[in-house]
Amino acid sequence: MATSGRRGGRAVIVDGAVELFGRVGYHGASTRDIAAAADVTVASIYYHFRSKQQILQAIMVEILSEVIQETRAAVLAAGADADEQLAALVRTWVLFHIRRQREALIGASEIRSLDEEGLVAIVALRDQQEALFRAVVDRGVADGTFTTPHPREAARAIINMSRSVVNWYRLDGPVAPEEMAATYADLALAMVR
């Protein structure tokens, strides 16, 4: 159970919802269940959110906004070399999905639970993330670093391949997160060369 002393307001509710949605799914959780998981009253939830749907959207917007910010920063820090940009992008993408596994799983599995307004917002954020991958791959193709004849499909394949770690990676497994991220960066580079 989340403790309200750790963080306040919306954040504690989101934390409780993440824990609960991760265990029982969006449709398996009621607003009352979220309140119990967050150790707040139902009235507190309605003070911060209009509905359970709005909580789900807040989780997804937060996670996508955070990963977009981190991956953009990684690309900028990598310099101008397309190889280095793609490797940094993929390493950051994989590490994010390992570090924020529960939220990433919710983002991947509960997109079907979004209402139309939420779906539009989340798809727009996903498009921004895909555009970053595509821009790096396209830049590498344009300067001759990458030779793939299918840059758009390669970018999408790299995104999906790298995101898949949320489904099976375990922190207590034999491969450290940084090693896994480096392996996926190598795989991504092999795909576009």
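The values are calculated or read from the model by the stated rules, or taken from the named source; none is laboratory data. Because the structure is predicted, anything quoted here is derived from the model rather than measured. We place every Cβ from the backbone using ideal geometry, glycine too, and count neighbours over all the protein chains shown. Areas reflect the complete protein model, heavy atoms only, side chains present, ligands, DNA and RNA absent. Shrake-Rupley method; radii C 1.70, N 1.55, O 1.52, S 1.80 Å.
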Can you tell me how many residues within region 76-109 are more than 21 Å from Ala176 (Cβ to Cβ) and surrounded by fewer than 19 Cβ atoms within 10 Å (Cβ to Cβ)?
9
Quick check on this structure: which one of Ala135, Ala181 is in contact with a Leu (Cβ under 6 Å, 6 or more places away or on another chain) and within 22 Å of Gly79 (Cβ to Cβ)?
Ala181
With the checklist (1) farther than 22 Å from Gly107 by Cα; (2) surrounded by 13 or more Cβ atoms within 10 Å (Cβ to Cβ); (3) of a type in the set (Val, Ile, Thr) in hand, flag the one item Thr41 doesn't pass.
(2)
Applying the selection to region 139-193, what residues are closer than 20 Å to Glu103 by Cβ and over 19 Å from the mean Cα position of the chain (by Cα)?
Asp172, Gly173
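Among the residues of region 53-75, is any open to solvent by 30 Å² or more (accessible area, probe 1.4 Å), acidic (Asp, Glu), touching a residue at least 40 places away in the same chain (Cβ under 8 Å) and closer than 24 Å to Ala181 by Cβ?
yes
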Does region 59-71 hold any residues that are in contact with a helix residue (DSSP H, G or I) (Cβ under 6 Å, 6 or more places away or on another chain) and not β-branched (Val, Ile, Thr), and which are they?
Met60, Leu64, Glu70
So is Ser51 touching a Lys or Arg at 6+ places or on another chain (Cβ under 8 Å) and of a type in the set (Ser, Thr, Tyr) or not?
no
So Arg156, is it more than 30 Å from Gly28 (Cβ to Cβ) and basic (Lys, Arg)
yes
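Residues are listed down the side, and each one gets a yes or a no for (1) of a type in the set (Phe, Trp, Tyr); (2) in contact with an Asp or Glu (Cβ under 8 Å, 6 or more places away or on another chain); (3) over 28 Å from Val61 (Cβ atoms); (4) modelled with pLDDT under 95:
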position: Leu105; (1), (2), (3), (4): no, no, no, yes
position: Val120; (1), (2), (3), (4): no, no, no, no
position: Val137; (1), (2), (3), (4): no, no, no, no
position: Thr147; (1), (2), (3), (4): no, no, yes, no
position: Ala154; (1), (2), (3), (4): no, no, no, no
position: Val166; (1), (2), (3), (4): no, no, no, yes
position: Pro174; (1), (2), (3), (4): no, no, yes, no
position: Ala188; (1), (2), (3), (4): no, no, no, no
